[in-house]
Amino acid sequence: MVIPALDEEAVIAAAIASVRGEADEVIVADGGSGDATRVRAEGAGARVVAAARGRGLQQIEGARAARGDWLVFLHADTRLEPGWSRALREAQADVALVAFRFAVDSPRPAFRLIELGTRVRCRLFRLPYGDQALSVRRAAYDAAGGFAPLPLMEDVDLVRRLRAQGALVVSPLRAITSGRRWEKRGVLRGTLRNWTTMALYTLGIAPERLARRYERLSR
């Protein structure tokens, strides 16, 4: 289990607690947090490794430190439902990646529409995102070249390369993500930002340029 984190002291312990009982190891790849993320991660039972800032770079470092046949990449503000490890053990031999059903930890009806959109995207395009706890067979991860050191869209880049390594499936178990970023900036604004970022990436705009745009729109 690899959790990239940067200044996530408020949520990191909950993410670790949601998986620690089923994970052989929990590694937090810290990108230079200035708060108590490292202390709280260690207190929750995780091993913390230092990494350069950037989710792609942090996940690369976490994967290097991890052992086992499966690499599970969990966002710091996400929790997995019990039974996730069984879903990996029972995956067919030709499965390269298991993702989990996207859910937002909020009762607002708008989030049910976002969840529905995610299910449609996964079904039509075989394209789960990183907030669905991407779980990759180590052999497939290595064969695909692992995460690229991208500042943004590193999850989409990896999933596309993994298609050549085997089947991609979505488990009915939920990856429950905090709604904090949408709540802070507005559900509509956040959704449009995400859609336009993906559209621009598909059109060939460099991830480095998209990352600067994404950060500017997220303020």
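Restricting attention to the stretch 1-16, report how many residues are on the phi < 0 side of the Ramachandran plot, out of contact with any Lys or Arg (no Cβ under 7 Å at 6 or more places or on another chain) and free of Cβ contacts under 8 Å to residues at least 40 places away in the same chain.
2
Any residue at all in the stretch 71-82 that's at negative phi and more than 15 Å from the chain's Cα centre (by Cα)?
Checking the stretch 71-82: at least one residue is at negative phi and more than 15 Å from the chain's Cα centre (by Cα).
Confirm whether GLU42 is part of a loop (DSSP other than H, G, I, E, B) and either farther than 22 Å from PRO82 by Cβ or not polar (S, T, N, Q) (or both).
no
Within the stretch 94-115, can you find the residues that are more than 12 Å from VAL170 (Cα to Cα), of a type in the set (A, V, I, L, M, F, W, C) and modelled with pLDDT of 95 or more?
The answer is ALA103, VAL104.
Search the stretch 170-188 for residues being farther than 13 Å from ILE114 by Cβ and part of a helix (DSSP H, G or I), and hand back the single one that is modelled with the highest pLDDT.
For the stretch 170-188, the residue satisfying everything is ARG180.
Just to be sure I understand the filter: pairs with C-beta atoms under 6 Å, separated by 6 or more residues or on different chains, first member in the stretch 166-179 and touching a residue at least 12 places away in the same chain (Cβ under 8 Å), second member surrounded by fewer than 20 Cβ atoms within 10 Å (Cβ to Cβ) and part of a strand (DSSP E or B). Which pairs pass?
Partner pairs satisfying both residue conditions: GLY166/VAL95; ALA167/VAL95; VAL169/VAL95; PRO172/ARG101; ARG174/ARG101; ILE176/ASP105; SER178/ASP105; GLY179/ASP105.
If the requirement is being closer than 22 Å to LEU150 by Cα, loosely packed, with under 14 Cβ neighbours inside 10 Å and either in contact with a helix residue (DSSP H, G or I) (Cβ under 7 Å, 6 or more places away or on another chain) or not aromatic (Phe, Trp, Tyr) (or both), which of these qualifies: ARG64, ARG126?
Within the list ARG64, ARG126, the selection yields ARG64.
Would you check if there is a residue in the stretch 151-160 being at pLDDT below 95, more than 20 Å from TRP70 (Cα to Cα), of a type outside the set (A, V, I, L, M, F, W, C) and outside any strand (DSSP E or B)?
For the stretch 151-160, residues at pLDDT below 95, more than 20 Å from TRP70 (Cα to Cα), of a type outside the set (A, V, I, L, M, F, W, C) and outside any strand (DSSP E or B): present.
Just to check your reading of the model, which residue among LEU150, LEU188 is more than 20 Å from LEU80 (Cβ to Cβ), hydrophobic (A, V, I, L, M, F, W, C) and under 15 Å from the mean Cα position of the chain (by Cα)?
Matching residue, one of LEU150, LEU188: LEU150.
The values are calculated or read from the model by the stated rules, or taken from the named source; none is laboratory data. Keep in mind the model is a prediction, meaning the values are calculated, not measured. FYI the Cβ positions are ideal-geometry reconstructions off the backbone, even for glycines, and counts take in every protein chain you see.
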